[in-house]
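Heads up: the structure comes next, in structure tokens.
Read-outs: derived from the displayed coordinates by stated rules, not from any lab. Remember, it's a predicted structure, so these values are computed and weren't measured experimentally. Note: ideal-geometry Cβ built from the backbone for every residue, glycine included; neighbour counts use all protein chains shown.
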Amino acid sequence: MKEKLYEIPLNDAMDAEDECPFCFLERKVEQELLDFVLGSCASYMESDTRESTDREGFCRIHQKKMFDYGNALGNGWILKTYYKKMLKEMKEEFKDFAPQKTSIRDRLIKKSGGTNAISDWVSSKEKTCYICDRFSKRYDRFLETFFHLYRNDSGFRTKVSNSKGFCLHHFGDLCSGADRYLSDGERKEFYPLLFSLMEKNMERVSEDVDWFIEKFDYMNKEADWKQSKDAVQRGMQKLRGGYPADPVYKMK
């Protein structure tokens, strides 16, 4: 079966033999987005990009990754217009704000009298992130493509069967995705495969962590490390996703 362009990322992720192919995709897309926002293409100088970053901002995690990326001038330009927009909004919110009245009883039990407009405005700023939002849209397509390939490509199903499974986070998304994209009959086949993969590979990583600890016993000083040298970072990834041992991603 000839591979279609949109299928390539999923097949590449499965071929990488990672602890979780979706972690592999997540890292790749995140790095591509950092390159787009701050890289040599200087997209941060384009008015439509800055309009989007001014509107959506960045979450705490990606703000830190942008700082670590290394383009101080690019970060400065992004902050410049974002601050101007935020200050304008802030002044308008402050101008229209009126404290809500609370009863003596509410104050005694430390209960708010109602929603706080300023708090709601701040919360709205923390619900969007230019990088998270774009990754989320790509991720939804990755999930859809995964199940499309699973249903229609026997070679892909074999890759899944022979894989190291998934991290717990992405495993949960696959369970939700199966209910959305697979028929009743397909789910009856898919879930036993998925559960077997998860159980087998969680046990494998757990055993690697066990042996990593045992290697610090002086009696095992000369013993083979087996597959346990990187057991801690793989163990963390399997539970929560991501790559704890990755170096900071910097501008090339």
TODO: Grab the beta carbon distance between D48 and A117, set R0 = 35 Å, and tell me the FRET efficiency rounded to 0.05.
DONE: 0.70
Open item on the list: If packing is taken as the average count of other Cβ atoms within 10 Å, what order do 37-43, 143-149, 21-27, 176-182 fall into, highest mean first?
Closed with: 21-27, 143-149, 37-43, 176-182
TODO: Beta carbons within 10 angstrom, averaged per residue: use that to sort the peptides 50-58, 242-250, highest first.
DONE: 50-58, 242-250
TODO: Evaluate the relative contact order of the chain (contact order divided by residue number), counting alpha-carbon pairs under 8 angstrom at least 6 apart; express in whole percent.
DONE: 28 percent
Open item on the list: Normalised radius of gyration for the chain, please: alpha carbon Rg relative to 2.2 N^0.38 Å, two decimal places.
Closed with: 1.32
Open item on the list: No solvent, one uniform scatterer per C-alpha: report log10 I(q)/I(0) for the stretch 1-91 via the Debye equation at q = 0.12, 0.14, 0.19, 0.25 1/Å, two decimals.
Closed with: -0.50, -0.63, -0.91, -1.21
Open item on the list: If I histogram all Cα-Cα distances within the stretch 1-48 using bins 5 Å wide from 0, what percent of pairs lands in each bin?
Closed with: 5, 19, 19, 17, 14, 14, 8, 4, 0
Open item on the list: From the C-alpha coordinates alone, can you work out the Kirkwood hydrodynamic radius of the stretch 123-223, in Å?
Closed with: 16.4 Å
TODO: Have a look at I118, I78, I131 and tell me which one the Gaussian network model of the chain (Cα, springs below 10 Å) gives the largest fluctuation.
DONE: I118
TODO: Would you please give the FRET efficiency between Q63 and K229, computed as 1/(1 + (r/R0)^6) with r the Cβ-Cβ distance and R0 = 35 Å, to the nearest 0.05?
DONE: 0.60
- [ ] Show me 217-227, 81-91, 156-166 ranked by packing, highest mean number of other Cβ atoms within 10 Å first.
- [x] 156-166, 81-91, 217-227
TODO: Please find the FRET efficiency linking S176 to E126, where r is the Cβ-Cβ separation and R0 is fixed at 35 Å, and quote it to the nearest 0.05.
DONE: 0.90
TODO: Would you mind checking K159/K238; K200/K229; K80/K137; K64/K164 for any pair whose Cα atoms are more than 22 angstrom apart?
DONE: K80/K137; K64/K164
- [ ] For the stretch 154-212, just list the percent of Cα-Cα distances falling in each 10 Å bin from zero outward, please.
- [x] 21, 50, 22, 6, 0
Task: Sequence-separation-based contact order of the stretch 176-252, relative, with Cα cut under 8 Å and 6+ spacing, percent - done: 22 percent
- [ ] Report, in deg cm²/dmol and to the nearest 500, the calculated mean residue ellipticity at 222 nm for the chain, where each DSSP H run with n ≥ 4 adds -39500 (n - 2.57) and the sum is divided by the residue count.
- [x] -22000 deg cm²/dmol
